[in-house]
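Comments concern the structure below.
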Amino acid sequence: MAYDPSNVFARILRGELPCKKVYEDEWALAFHDINPLAPVHVLVIPKGPYVSMVDFGANAAPEEVGGFFKAVAKVAEMLGVNERGYRILANAGPDANQEVPHLHVHLFAGAPLGPMLRRVSAG
Ligand code: AMP
């Protein structure tokens, strides 16, 4: 899938839409999800135009990949969730219900998060 620069996270990166910022550096921006599904629900996005983890892994420079994952770790540390625990999730494509076509990881924490995933069957 080609990157669509009109997606909502691209607009946040360009400053066209507001966000509740948690962290920002050269490689990544982290902000609170507008519709939180846990007491802590933060999104971390790379600054470059990547649709998914496959796109990112295939096309981003090693510094971008490293910078992004270091930012994810930094955000978990800053939020103070490392000891009690947290969950990181990245949706890609229709089977995963990816809504925003700019790579993002969700960081959930702040309460017991329950099972990893409800069981799904092939179909
Ligand atoms: P996904 O299904 O993984 O693509 O998730 C997209 C997430 O982006 C959802 O959890 C939305 O609540 C969140 N979201 C959409 N628009 C915004 C926004 N303007 N600011 C913060 N979060 C947003």
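The values are calculated or read from the model by the stated rules, or taken from the named source; none is laboratory data. What you see is a predicted model, and the numbers here were worked out from it, not measured in a lab. Glycine also receives a Cβ, built like all others from the backbone with ideal geometry; neighbour counts cover every protein chain displayed. Calculation scope for accessible area: heavy atoms of the full protein, side chains included, ligands and nucleic acids excluded. Shrake-Rupley method; radii C 1.70, N 1.55, O 1.52, S 1.80 Å.
Some observations on this one:
- First in the range 33-44 and within 12 Å of Arg87 (Cβ to Cβ), second anywhere and open to solvent by 10 Å² or more (accessible area, probe 1.4 Å) and aromatic (Phe, Trp, Tyr), Cβ under 8 Å, 6 or more apart: Leu37/Phe108; Ala38/Phe108; Val40/Tyr86; Val40/Phe108; His41/Phe108
- The residue list Pro101, Pro112 contains one member that is part of a loop (DSSP other than H, G, I, E, B), within 15 Å of the ligand (Cβ to nearest atom) and not aliphatic (A, V, I, L, M), which is Pro101.
- Selection of the range 19-35 for residues being farther than 15 Å from Asn91 by Cβ and within 8 Å of the ligand (Cβ to nearest atom) yields Cys19, Lys20, Phe31, His32, Ile34.
- Total residues in the range 67-112, condition open to solvent by less than 60 Å² (accessible area, probe 1.4 Å) and touching a Phe, Trp or Tyr at 6+ places or on another chain (Cβ under 8 Å): 15
- Some residue of the range 52-62 being under 12 Å from the mean Cα position of the chain (by Cα), within 16 Å of the ligand (Cβ to nearest atom) and either surrounded by fewer than 19 Cβ atoms within 10 Å (Cβ to Cβ) or in a strand (DSSP E or B) (or both): yes
- Among the conditions (1) without any contact (Cβ under 8 Å) to a residue 24 or more places away in the chain; (2) surrounded by fewer than 13 Cβ atoms within 10 Å (Cβ to Cβ); (3) under 29 Å from Ala111 (Cβ atoms); (4) within 11 Å of the ligand (Cβ to nearest atom), Glu16 misses just one, which is (3).
- Residue in the range 83-97 that is away from the ligand (no atom under 15 Å from the Cβ) and closer than 15 Å to Val44 by Cβ present: yes
- On inspection, Val75 fails the criterion of being in contact with a Pro (Cβ under 9 Å, 6 or more places away or on another chain) and not in a strand (DSSP E or B).
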